[in-house]
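Notes for the one structure printed next.
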There are 2 protein chains.
Amino acid sequence: MIIDIHGHYTTEPQALQAFRDKQLAGLADAMRKPASTDLGITDEMLLKSVEPQLKFQKDRGSDLTVFSPRAAGMAHHVGTEEVGQVWSRMSNDLIHRICTLLPDNFAPVGQLPQFPGAPIERSLPELTRLVAELGFVGVNLNPDPSGGYWKSPPLTDRYWYPIYEKMVELEVPAMIHVTSSCNPAVHHTGAHYLNGDTTAFMQLLQGNLFKDFPDLKFVIPHGGGAVPFHWGRYRGLAQDMKKPLLGEHLLKNVFFDTCVYHYPGIELMAKVIPAGNILFPSEMLGAVKGIDPETGFHFDDTKRYVDQVKALSDADRYGIFEGNARRVYPRLDRRLAARGKKGRP
Amino acid sequence: MIIDIHGHYTTEPQALQAFRDKQLAGLADAMRKPASTDLGITDEMLLKSVEPQLKFQKDRGSDLTVFSPRAAGMAHHVGTEEVGQVWSRMSNDLIHRICTLLPDNFAPVGQLPQFPGAPIERSLPELTRLVAELGFVGVNLNPDPSGGYWKSPPLTDRYWYPIYEKMVELEVPAMIHVTSSCNPAVHHTGAHYLNGDTTAFMQLLQGNLFKDFPDLKFVIPHGGGAVPFHWGRYRGLAQDMKKPLLGEHLLKNVFFDTCVYHYPGIELMAKVIPAGNILFPSEMLGAVKGIDPETGFHFDDTKRYVDQVKALSDADRYGIFEGNARRVYPRLDRRLAARGKKGRP
């Protein structure tokens, strides 16, 4: 089967955004606060809203999307911590409902109610609820809840340890994913996302986090930002810093996705990153929505690029499309097995 | 000839750093201020200090390095604006002396006395002095003088226009180059430099700066950060934003260098970026100093990577190694011609 491990719910019913607007308007004028958290979104509306994703799954040949709330919608820097708690819960609940309605097409990943400067412990109850109660298979972790100003300590700092302990206990990986940018110098999908990936990787390279958490797993999205393109630079920096080789130092715990929207990028990635560290996604209905005039296909139809990489063996290909996802997301593997879809032994 | 357009003076005599320490110590205790700006650095000391660069030029087969002060040394966010003015002038004067002593090996590029929040106009006198009085051929422009917090407006903002007007008048390009990071989340050479390149490119993509400045030229270093690896993403974002094709929108004015420290990166770059937009440098004695155990050669011996790209024509190769530099840095071309080294017609 083909597992797409990075899809966001970017086709939400209008009622969700209307609620969000009321919620934020309520910060300025309490009269505008939403009266209820009942959005009035029916199952039919949810099913209707993900028809574009289902069509793309069919057209492009993927089976299941690991699905989380809109990345830019997390907006951890917006409003108050209380507002963020309500917003996270509501956003996650919609994901849960969709994945319950369409369990063969979607598996749930959640957002956390992170807030700039707030202790990460405040995100633990929602993480536990998502995984232990609702069966989520992973979580998005934002290394910069300040939204483009990078005011949090690096991911290797003890500030983050409580969430790592809980992740390891619950057996869920995190995708390291920033949200929108409130920094006018830094465009979200064109700069902040890729910078977030690059910055997180370098933080991990500088530290020794996986000595403390050998079972912790991170997925760095968007092909790892600038990292594979500069793989020689990172190998060289690690060497200058007297770190172990990257395979030993980071690659047991750090994985990259294939959200790179042209063939030469995926080709490079397959050359420098071991196939066991590459997971397939498209982030479809994400940052780039158009059709590439040079190919006639959607920019984010990334399966086509992976299919074109001749150097991959069958085992590599199985890993990228399915096996690695089952390994990095063990709860996804169990969820699929419970539905009669076991991976290769 | 082989022109390396990106070298920083990372082998400065100890006296320069000692002055800097006194200068910064003087902020805390006026008693520690340096007594004089005379560093006591003789011509012999300068010649001795660049022997490593000369050796690498010879060993690796480049002829001339476009040479500027240490990038991380600019540190625009440190101290006061007055301290930065003195520091910039002093750093640039050393570059001038080296390039005067060894005019066949080095051509000068300067740093600007930018300061967070200060009007860019305060950098104009130094720019004019460098180019009109001292024969500098270009300048480094820092899009984030806050050192990793991105507090300046984007490069397309009118804040920057006075420096662009002067650059166009003086016929010098800018390399868009951040300096050190004072943000503990953002490592300088492993994250901030690449993020700076990516962010600057996206700022330019979002705007229409070159409509106002058709003759303005920027070099984005370190292979353009994440940009070539995500070239499809940028083509797609430009299309979604109803911008012209990138060739029309940006590539008459924006150029990338080859500071990418492994062959697969340079190979990708040559596939997606037109050869006319690629300039050769190594940034030798820069971010990565070691020998790649996979090749037995220095990571930053980038000429080897370019030499290996079979798809480049002779004309492409001439452009990357010499012709494009002469075009982007017209004062370099004239400087070379005055020394009897004309480019191809």
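Tabulated data
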| read-out | value |
| --- | --- |
| Residue check for A:Asp43: exposed (fewer than 14 other Cβ atoms within 10 Å of the Cβ) and among the acidic types (Asp, Glu) | yes |
| Residues within region A:303-312 that are open to solvent by less than 50 Å² (accessible area, probe 1.4 Å) and in a loop (DSSP other than H, G, I, E, B), tallied | 2 |
| Matching entry among A:Gly110, A:Gly148, A:Gly73, A:Gly135 (being away from chain B (no Cβ under 14 Å), more than 18 Å from A:Thr10 (Cβ to Cβ) and within 18 Å of the chain's Cα centre (by Cα)) | A:Gly135 |
| Enumeration of residues in region B:243-282 that are within 10 Å of chain A (Cβ to nearest Cβ) and surrounded by 23 or more Cβ atoms within 10 Å (Cβ to Cβ) | B:Cys259, B:Val260, B:Tyr261, B:His262, B:Gly265, B:Ile266, B:Leu268, B:Met269, B:Ala270 |
| Region B:177-202, residues that are more than 7 Å from every other protein chain (Cβ to nearest Cβ) and buried (at least 23 other Cβ atoms within 10 Å of the Cβ) | B:His177, B:Val178, B:Thr179, B:Ser181, B:His192, B:Tyr193, B:Gly196, B:Asp197, B:Ala200, B:Phe201 |
| Subset tally (residues that are surrounded by fewer than 23 Cβ atoms within 10 Å (Cβ to Cβ) and of a type in the set (S, T, N, Q)) for region A:283-302 | 1 |
| Flag for B:Phe213 being touching a Phe, Trp or Tyr at 6+ places or on another chain (Cβ under 9 Å) and either touching a residue at least 60 places away in the same chain (Cβ under 8 Å) or buried (at least 24 other Cβ atoms within 10 Å of the Cβ) (or both) | no |
| Residue check for A:Thr10: of a type in the set (Ser, Thr, Tyr) and surrounded by fewer than 21 Cβ atoms within 10 Å (Cβ to Cβ) | yes |
| Flag for A:Val306 being more than 23 Å from A:Asp215 (Cα to Cα), of a type outside the set (Ser, Thr, Tyr), in contact (Cβ under 8 Å) with a residue 24 or more places away in the chain and away from chain B (no Cβ under 13 Å) | yes |
| Count of residues meeting criterion [surrounded by 20 or more Cβ atoms within 10 Å (Cβ to Cβ) and among the acidic types (Asp, Glu)] in region B:230-242 | 0 |
| In region A:15-40, residue farthest from A:Met90 (Cα to Cα) [restricted to those that are in contact (Cβ under 8 Å) with a residue 24 or more places away in the chain and open to solvent by 40 Å² or more (accessible area, probe 1.4 Å)] | A:Leu27 |
| Region A:153-171 residues that are closer than 16 Å to A:Pro119 by Cβ, paired with ones that are among the polar types (S, T, N, Q) and assigned to a helix (DSSP H, G or I) (beta carbon under 8 Å, 6 or more apart) | A:Leu155/A:Gln203; A:Ile163/A:Ser123; A:Lys166/A:Thr128 |
| Identity of the residue in region A:125-161, assigned to a loop (DSSP other than H, G, I, E, B) and among the aliphatic types (A, V, I, L, M), that ends up most open to solvent (accessible area, probe 1.4 Å) | A:Leu134 |
| Among residues of region A:290-321, those that are farther than 18 Å from B:Leu237 by Cβ, acidic (Asp, Glu) and in contact with a helix residue (DSSP H, G or I) (Cβ under 9 Å, 6 or more places away or on another chain), counted | 2 |
| Considering residues of region A:218-242 that are assigned to a strand (DSSP E or B) and in contact with an Asp or Glu (Cβ under 8 Å, 6 or more places away or on another chain) only, the residue nearest to the other protein chains (Cβ to nearest Cβ) | A:Ile220 |
| Verdict on A:Gly147 being in contact with a Ser or Thr (Cβ under 6 Å, 6 or more places away or on another chain) and on the phi > 0 side of the Ramachandran plot | yes |
| Region A:67-86, residues that are of a type in the set (S, T, N, Q) and open to solvent by 30 Å² or more (accessible area, probe 1.4 Å) | A:Thr80, A:Gln85 |
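Listed here are the residues, each with its yes/no results for (1) modelled with pLDDT of 95 or more; (2) open to solvent by 10 Å² or more (accessible area, probe 1.4 Å); (3) touching a strand residue (DSSP E or B) at 6+ places or on another chain (Cβ under 6 Å); (4) among the polar types (S, T, N, Q).
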{"site": "B:Ser88", "(1), (2), (3), (4)": "yes, no, yes, yes"}
{"site": "B:Leu102", "(1), (2), (3), (4)": "yes, yes, no, no"}
{"site": "B:Ala107", "(1), (2), (3), (4)": "yes, no, yes, no"}
{"site": "B:Ser123", "(1), (2), (3), (4)": "yes, no, no, yes"}
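The values are calculated or read from the model by the stated rules, or taken from the named source; none is laboratory data. The structure displayed is predicted, hence computed values, not measured ones. Please note: Cβ atoms are built from the backbone with ideal geometry, for glycine as well, and neighbour counts cover all protein chains shown. Protein only, heavy atoms only, side chains kept; ligands, DNA and RNA dropped before computing areas. Shrake-Rupley method; radii C 1.70, N 1.55, O 1.52, S 1.80 Å.
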